[in-house]
Amino acid sequence: MPILKYFLRLQYMDFLIRRSATGDAETFARKNKLSKRALSDIIREMKEMGFPIKYDKGKCSYCYVRSGLMVQKLFIEDAEVLTAPELKNINLSDVHNLCFSEVSIFEPCQKP
């Protein structure tokens, strides 16, 4: 799935979850034009990304168990993600030595 379409789908899913308006898995999948299996995969991925999602049988809807916000844009200025002290602790003078990190966006590359 193209990244823009995936990101827009996540925003829509977040919108429905935040309002406890998803319905059951079948309804939520239909609202997203997905199969139940594809929906299940995306919910699993969202949980892996830190979304605190659970299904509430009483509300018949997926919901968040903790409050928070989904990042609403893909480009965020440094100060919006890291605090000034955090930025000072990262040696950005050697940007060629920064590698992708699944935990903290980037980290110093490990030497082989």
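Some values worked out for this structure:
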read-out: Per-region count, segment 52-72, residues surrounded by 10 or more Cβ atoms within 10 Å (Cβ to Cβ), touching a helix residue (DSSP H, G or I) at 6+ places or on another chain (Cβ under 8 Å) and assigned to a loop (DSSP other than H, G, I, E, B); value: 1
read-out: Members of segment 32-49 that are surrounded by 15 or more Cβ atoms within 10 Å (Cβ to Cβ) and under 21 Å from Leu69 (Cβ atoms); value: Asn32, Ile42, Ile43, Met46
read-out: Qualifying residue in segment 19-29 (condition: acidic (Asp, Glu) and exposed (fewer than 12 other Cβ atoms within 10 Å of the Cβ)); value: yes
read-out: Cβ pairs under 6 Å, 6+ apart, first in segment 12-40 and touching a residue at least 24 places away in the same chain (Cβ under 8 Å) and small (Gly, Ala, Ser), second surrounded by fewer than 16 Cβ atoms within 10 Å (Cβ to Cβ) and assigned to a helix (DSSP H, G or I); value: Ala25/Lys36
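We did not get these values from a lab; they are worked out from the coordinates using the rules stated. Everything quoted here is computed from the prediction, not taken from an experiment. For neighbour counting, all protein chains shown are included, and Cβ atoms are generated from backbone atoms with ideal geometry for every residue, glycine included.
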